[in-house]
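Q: Got a structure for you, written out below as structure tokens; questions coming shortly.
The values are calculated or read from the model by the stated rules, or taken from the named source; none is laboratory data. Nothing here was measured: the structure is a model prediction, and the numbers come from that model. Here Cβ is always computed from backbone atoms with ideal geometry, including for glycine, and neighbour counts include all displayed protein chains.
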Amino acid sequence: MQGFRYLDDTAILRLSEDKCIGCGNCQLVCPHRIFQVRDGKAKIVDLNACMECGACAKNCPTAAIYVNPDDGCGCASYIINSWVARIRGKAPSRCGC
Amino acid sequence: MRDKLGTIGARTGFFRNNYKITPGLYCIGEPSTTSPVVVTANYKLSFDTLRQGLVGVNAWLLVIDTRGINVWCAAGKGTFSAEEIAYQVHKANLDQIVTHREVLLPQLSANGVAAHELKKLCGFRGRFGPILAADLPKFLQAGEADEDMRTVTFTLRERAVLIPLEICMLWKQLSVVALIIFILSGISPDFFSPTLAFNRGILLVFATLTAMFAGAVATPLLLPWLPFRQFWLKGAIMGSLASLLLLFIGWQSLGDIEKIAICLWTISSSAYLAMNFTGSTPFTSLSGVAKEMRNGLIFQIGSAILALIFWIAGPFV
Ligand code: SF4
Ligand code: SF4
């Protein structure tokens, strides 16, 4: 995605190659083309472009991929809500969008 | 015409809840037992874009119940799911309508649907089509999507259509802020002056609207060309430009301390609104947003408080 780069070294995306069977699902679904399957194993080729949408992990049949699970909807009000909730010791409410 | 108005309504969020499509199976053109089945959300705009994208194609359209939310957001929230698709497949008796056993899913639903689970649930295999509905005819012809069709974009046009919704979601916050501004603006050496409240309040509300324009309209539009990667910094730049404009307009009517207040207020509001826009883009990670918010919020809250203190101090100096 040219012209758009977000913060480097922040996205939480891990791939355990042992579990990978090279099916290529992750490569297919990722809207930022972050995976490439080479020699029967998936490789992360551009970690910093990851937006943590979770599509790859959801479609990996062997659960070889880990993505930041705090999904919500990624908007600022959701994060503020979840911080407030943590302080008050409650479950975060939805952001309404 | 009603349809057009409806689209405007759905875009701006005013009547968004009324713009659901009844879930179920729809025809595009004259589909047969071998025509492709395309799955979509029951959000009017998703449905319309798909219908327009598929002009000239014969296909079945399976609309699933995402409570009127678009594909991408519904997948994130878990309503665009394999279970819901399976439910609609059964309900429509799809296995008696088509002879093949495959449904096409929008690629951007992949964070909600595990395609390999669909077959177990309803006997239909899930296959991911392109990201944009407009690419569907090309995809159907070629039988596969190329890299471009699978890469998400965020063009000027795609950013522009998000703006009305962003703005409309701000009205509630804005009216609360405006009320507070009018009250604070009236505080004077002789306790409270309604005239001051009105005359000065108007100025700060105007500054807030300008900040809204800077942070929620100009920043999204100019996004790729503004320096910095953190959105609140991009918003702070646009806010600074906006505050220069405000100083130019209000040079005569404002005291020195009020000028500082207006600048701080405009910059921090614009930075806040720009930061909010991270939720609407298809490239910001939640970890990244949380990281920029830790710095951004401190700056925004700090300078907004300073701005209000200076503003209240205005009539006393
Ligand atoms: S989380 Fe989304 S953006 Fe990140 S690698 Fe997976 S599919 Fe791609
Ligand atoms: S989806 Fe999972 S198993 Fe398939 S290639 Fe990717 S990491 Fe490997």
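Q: How many residues are more than 8 Å from chain A (Cβ to nearest Cβ), crowded, with 23+ Cβ neighbours inside 10 Å and within 19 Å of A:Thr10 (Cα to Cα) when one looks only at region B:280-311?
A: 1
Q: While we're on this one: Hey, any hits in region B:48-60 for a residue that's closer than 18 Å to B:Glu102 by Cβ, in a strand (DSSP E or B) and in contact with a Phe, Trp or Tyr (Cβ under 8 Å, 6 or more places away or on another chain)?
A: Yes, region B:48-60 has at least one match.
Q: Of the numbered conditions (1) farther than 28 Å from B:Leu94 by Cα; (2) modelled with pLDDT of 95 or more; (3) not charged (D, E, K, R), B:Ile167 fails exactly one; give the number of that condition.
A: Of everything listed in (1) farther than 28 Å from B:Leu94 by Cα; (2) modelled with pLDDT of 95 or more; (3) not charged (D, E, K, R), B:Ile167 misses just condition (2).
Q: Considering only region B:118-151, state which residues are closer than 21 Å to A:Glu52 by Cβ and assigned by TED's automatic domain parsing to the domain that holds B:Val71.
A: B:Phe128, B:Ile131 - these are the residues of region B:118-151 that are closer than 21 Å to A:Glu52 by Cβ and assigned by TED's automatic domain parsing to the domain that holds B:Val71.
Q: Let me ask something else. What are the residues in region A:29-41 that are within 10 Å of ligand 1 (Cβ to nearest atom) and either closer than 18 Å to B:Val71 by Cβ or away from chain B (no Cβ under 11 Å) (or both), if any?
A: Result: A:Val29, A:Cys30, A:Pro31, A:His32, A:Phe35.
Q: Right, something else. Quick check: anything in region A:28-36 more than 14 Å from A:Ala11 (Cα to Cα) and in contact with a Pro (Cβ under 9 Å, 6 or more places away or on another chain)?
A: Yes, the conditions are met somewhere in region A:28-36.
Q: Under 7 Å between Cβ atoms, at least 6 apart or on separate chains: pull out the pairs that start in region A:32-46 with a residue that is near ligand 2 (Cβ under 10 Å from one of its atoms) and end on any residue that is basic (Lys, Arg).
A: A:Phe35/A:Lys43; A:Gln36/A:Lys43
Q: Further question on the same structure: Name every residue in region B:257-279 that is surrounded by fewer than 20 Cβ atoms within 10 Å (Cβ to Cβ) and touching a residue at least 24 places away in the same chain (Cβ under 8 Å), in order of residue number.
A: B:Ile257, B:Ile260
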